[in-house]
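Asks: Structure in structure tokens, see below.
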Amino acid sequence: MPLSESDPGVSELLAVKDELSRWKKPALVAFSDLDPVFPFPQSGEQFSQPHPLSAGRQVRIEGAAHFLQEDRGPQIVERCSLAFGEPAGSAPSGNVQGTTQ
């Protein structure tokens, strides 16, 4: 993970940031409070600020490490449902089993 402008990988991360600035669909920027690679909230701020539809907001997923979807998949589904609504054709789920609000 690059920590300064001279570290390997900086150009790739800047390219991602540039692409995010042109993304035209709603996004949920989620990071874990325990991620050893991308610390919360600093990393989420870097990814959400250039995104025009996230308005600089991010979601903290508690208790996950680096791979959020593996550690806290149901929490991510719940947060997506709160942010974007239920998927078309699905029955309302209320609270996702195994998660808290």
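The values are calculated or read from the model by the stated rules, or taken from the named source; none is laboratory data. Not measured: the values here are computed from a predicted model. Neighbour counts are summed over all protein chains in view; Cβ atoms, including those assigned to glycine, are modelled from backbone coordinates with ideal geometry.
Asks: Working only within the stretch 54-95, note down all residues that are aliphatic (A, V, I, L, M), within 19 Å of SER43 (Cα to Cα) and either assigned to a helix (DSSP H, G or I) or modelled with pLDDT under 90 (or both).
Replies: Once the filter is applied, which keeps residues that are aliphatic (A, V, I, L, M), within 19 Å of SER43 (Cα to Cα) and either assigned to a helix (DSSP H, G or I) or modelled with pLDDT under 90 (or both), the stretch 54-95 yields ALA55, VAL59, LEU68, ILE76.
Asks: Does SER32 qualify as being touching a residue at least 24 places away in the same chain (Cβ under 8 Å) and not aliphatic (A, V, I, L, M)?
Replies: Answer is yes for this residue.
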